[in-house]
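The values are calculated or read from the model by the stated rules, or taken from the named source; none is laboratory data. Since the model is a prediction, treat every value here as computed from it, not as a measurement. Note that each Cβ is placed from the backbone with ideal geometry, even for glycine, and that neighbours are counted across all protein chains shown.
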Amino acid sequence: MKTLLTVGLVAALFILLVSQWNALTSLSTPERLIAAGRHPIVGETAPGFDLQTLDGDRITLEDYAGRALIIGFWATWCQGCKKDFPVFETFVQTHDEKIGFLSICSEHSPEKAQEIVAEHGVTFPVLYDEGKVVARAYQPQSETARREVTAFPFVVIIDPGGTVIFAHVGIFATIERLVDLLAELGLPVDARGAQAGS
């Protein structure tokens, strides 16, 4: 009897795994990346925001309507965050025609963020997120979470329709890794900086 029950459970588990595998393999690469996303924001409409840049300008999510957008969230205390600055700087200088980029600092003070930006020679737009309001909107917490955790560095990619199609905690390390990911998500960029197919 135990053997029959064990065989039945193994068979049921096998059928479940095969059905899940079939579901995942029938998806396109961007759909698979979204389905595999561990962040609850993936597949959702990007939360709107209206933030001030370190230079005093105001930028909203709506400013990028109809355009793909990468948002890099960072904190002044985060050493790993600063490792992506050269990657993002290169991206903005070579691939910003169709895919926008914003950097959002969510910790300490705008003055400290400005100091770090100047130290690293950053020229891309840096917004300041007082109280981590926007960072928290993009990293929604589970209702059962015992404490809130907002991770940095955190990168999201939003498609031209305003849906978050990728979210990642950690660094990219190279421009090639970022460009390859964009291609997997259906947002390829060519060597000249224009989005492929445009």
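Does GLY72 meet the test of being touching a strand residue (DSSP E or B) at 6+ places or on another chain (Cβ under 9 Å) and either farther than 24 Å from THR45 by Cβ or touching a residue at least 12 places away in the same chain (Cβ under 8 Å) (or both)? Taking the combined requirement at face value, the residue satisfies it.
If the condition is being surrounded by fewer than 18 Cβ atoms within 10 Å (Cβ to Cβ) and either out of contact with any helix residue (DSSP H, G or I) (no Cβ under 9 Å at 6 or more places or on another chain) or modelled with pLDDT under 95 (or both), then the range 31-51 contributes GLU31, ARG32, ALA35, ALA36, GLY37, ARG38, PRO40, GLY43, GLU44, THR45.
Condition check ((1) at pLDDT 90 or above; (2) under 19 Å from ILE59 (Cβ atoms); (3) buried (at least 19 other Cβ atoms within 10 Å of the Cβ); (4) of a type in the set (Gly, Ala, Ser)) across all residues:
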residue: LYS112; (1), (2), (3), (4): yes, no, no, no
residue: HIS120; (1), (2), (3), (4): yes, no, no, no
residue: GLU130; (1), (2), (3), (4): yes, yes, no, no
residue: VAL133; (1), (2), (3), (4): yes, yes, no, no
residue: ALA137; (1), (2), (3), (4): yes, yes, no, yes
residue: PRO140; (1), (2), (3), (4): no, no, no, no
residue: THR144; (1), (2), (3), (4): no, no, no, no
residue: VAL149; (1), (2), (3), (4): no, no, no, no
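I'm checking my understanding of the structure. Among residues of the range 121-137 that are part of a loop (DSSP other than H, G, I, E, B) and in contact with a strand residue (DSSP E or B) (Cβ under 7 Å, 6 or more places away or on another chain), which one is farthest from ILE99 (Cα to Cα)? Per the criteria, the residue is ASP129. The residue pairs whose first member lies in the range 98-116 and is in a helix (DSSP H, G or I), whose second member is of a type in the set (S, T, N, Q), and whose beta carbons are closer than 7 Å, counting only pairs six or more residues apart or on different chains, are LYS112/THR76; ALA113/THR76; ILE116/THR76.
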